[in-house]
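Here is the structure we will look at, set down as structure tokens.
The values are calculated or read from the model by the stated rules, or taken from the named source; none is laboratory data. Keep in mind the model is a prediction, meaning the values are calculated, not measured. All Cβ positions, glycine included, derive from the backbone under ideal geometry; neighbour counts span all protein chains shown. When the accessible area is computed, the model is the full protein with side chains, heavy atoms only, and any ligands, DNA or RNA have been set aside. Shrake-Rupley method; radii C 1.70, N 1.55, O 1.52, S 1.80 Å.
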Amino acid sequence: MSKLVPITIACAEYDRTRAIKDGRVRVDGCDVTYLPLDPEELFFRAFRYHDFDVAELSFNSYLMTTSRGLCPYVAIPAFVSRHFRHSAIYIRTDRNIRGPADLKGKLVGLPEYQQTANVWMRGIFKDEYGVEPSDIHWRTGGQEEPGRDERTPLKLGGNIDLQPIAPGKTLNRMLVDGELDAVFSAREISAFVNRAPNVGLMFPNYREVEMDYHERSGMFPIMPLVGIRKSLAEQYPWLPGSVYKAFCRAKQIAINEMKEMSATKVTLPWPEMYVQDAIQLMGDDFWRYGIAENAKDIEMLVRYSFEQGLAARKLTAEEIFHPSVFETSKV
């Protein structure tokens, strides 16, 4: 009889986790069932029903629930998804919107107010452009399908105008019909993909804008992190360290494969050049895991979540992450 601990790992499809999914990287002491799921389904099921032993989690929803003592997971600093989000702001091009300040007083849709991508962008709007969350009228709901709501309850204070859209409506259709002035969304909106009239990006040159933001701030915004069911971590104290080691190994395999020139593993011409561009801008460890390695990014998101009335208080790193992952062994 196997003495391996059976665990489920639920995570989106990433090259940096593929080696865990296909078995090239094992989680020490565990028999893994890997469930590849889209983030929307994954986050909803993890926070609403606690379906998984190990799960990719919305970082901000994790901060919210942890700050209230309600989260069934404890985190490890494997940041499987990171993204600059200046590219995630879709506007009506017939409303004289040229930059963030032009959204003051406007109706802006978003799938969820607590979505980590939107927390980052509201924080950046305040820090970089002087636009407060209270300057904008927010409307939440399904992007492509009606009926979406917040995955965990909100307790916003202050004078934030946040309302759900009408039942049966979607953010995409409302943007096309001119009922919204803009939409913030981590997922590309179909109106833009399908080239609907009068729908465009606030930052068409988003790559240059995001590179400039990184060079000035040092930020590479973290989106999800990985959580382990607390009851399992208490039963098997070695588990968080084993899971974290596996995620680190899988990421390194993915980066090594991107650098491969003899037979490229990535469906792009010159992938090794893109890797070198990233190294030149961000350093050798351009997709960094770890707590100390990401201290500024973590502190920034913690501040944004608290300032926006989402997290009940500012959490410390010791409250966010399992104690076993603050230091790793070296050879």
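Quick notes on this structure:
- Rolled with a 1.4 Å probe across the full set of protein chains, the surface gives M64 an accessible area near 10 Å².
- Heavy-atom accessible area for S324, with the other protein chains in place and a 1.4 Å probe, reaches approximately 50 Å².
- Dipole magnitude (debye, nearest 20) for the chain, charges at Cβ of Lys, Arg, Asp, Glu: 420 debye
- For the stretch 17-33, Karplus couplings with θ = phi - 60° (6.51, -1.76, 1.60), whole Hz, Gly/Pro x: 10, 4, 5, 6, 4, 8, x, 5, 10, 9, 8, 3, x, 10, 10, 9, 10
- Where a label projected 7 Å from the Cα of H50 along Cα→Cβ would reach, residues of the stretch 226-252 with amide N under 11 Å: 229-232
- Over the stretch 98-161 - Rg/Rh using Cα atoms and the Kirkwood inverse-distance radius: 0.96
- Of W120, W270, the residue with the largest accessible area leads and the full order is W270, W120 (1.4 Å probe).
- An oblate overall shape is assigned to the stretch 147-288, the ratio a/c of its alpha-carbon gyration tensor axes (a ≥ b ≥ c) being 1.5 or greater and a/b not exceeding b/c.
- Dipole size of the stretch 122-264 about its Cα centre, with +1 on Lys/Arg Cβ and -1 on Asp/Glu Cβ: approximately 700 debye, rounded to the nearest 20.
- Using 0.36 nm per residue and subtracting the Cα-Cα separation, the extra length available between N198 and E179 on full extension is 5.6 nm.
- Annotation: amide H-H contacts under 5 Å for A311 (H modelled 1.01 Å from N, sequence separation of 5 or more, or interchain): F306.
- Total formal charge among the other residues, if their Cβ is under 14 angstrom from that of R98, Lys/Arg +1 and Asp/Glu -1: +1
- Under the convention that each Lys and Arg Cβ holds +1 and each Asp and Glu Cβ holds -1, the size of the dipole of the stretch 68-172 around its Cα centre is about 40 debye.
- For T8, the amide hydrogen comes within under 5 Å of the amide hydrogens of T33, D53, V54, counting only partners 5 or more places away or on other chains and with H modelled in the peptide plane.
- Here the stretch 82-215 was treated as a single set of alpha-carbon atoms; its pair distances binned every 5 Å from 0 give 2, 11, 21, 26, 21, 13, 5, 1, 0 percent.
- In this view, the solvent-accessible surface of K21, computed with a 1.4 Å probe and all protein chains in place, comes to about 90 Å².
- The chain - Rg (one decimal) and Dmax (whole number), Cα, Å: 20.2, 68
- The length gained on full extension between V209 and A263, counted as 0.36 nm times the residue separation minus their Cα-Cα distance, comes to 16.1 nm.
- Legend: residue pairs K126/K230; K126/K155; K104/K296; K21/K259, Cα-Cα distance threshold 24 Å; pairs beyond threshold, K126/K230; K104/K296.
- Grouping the Cα pair distances of the stretch 1-119 into 5 Å bins from zero gives a pair-distance distribution of 2, 9, 16, 19, 15, 12, 10, 7, 4, 3, 2, 1, 0, 0 percent in increasing distance order.
- Comparing I320, W270, N205 along the charge dipole axis of the chain, the residue lying farthest to the positive side is I320, per the Cβ-charge model.
- Computed from backbone phi, the HN-Hα couplings of the stretch 63-73 come to 4, 4, 6, 5, 5, 10, x, 10, 8, x, 10 Hz, rounded to whole numbers (Karplus: 6.51 cos²θ - 1.76 cosθ + 1.60, θ = phi - 60°; Gly and Pro given as x).
- Accessible area per residue for the stretch 231-331 is 58 Å², calculated with a 1.4 Å probe on protein heavy atoms, without ligands, DNA or RNA.
- For the stretch 121-160 versus the stretch 58-99, the gap between their alpha-carbon centres in whole angstrom: 11 Å
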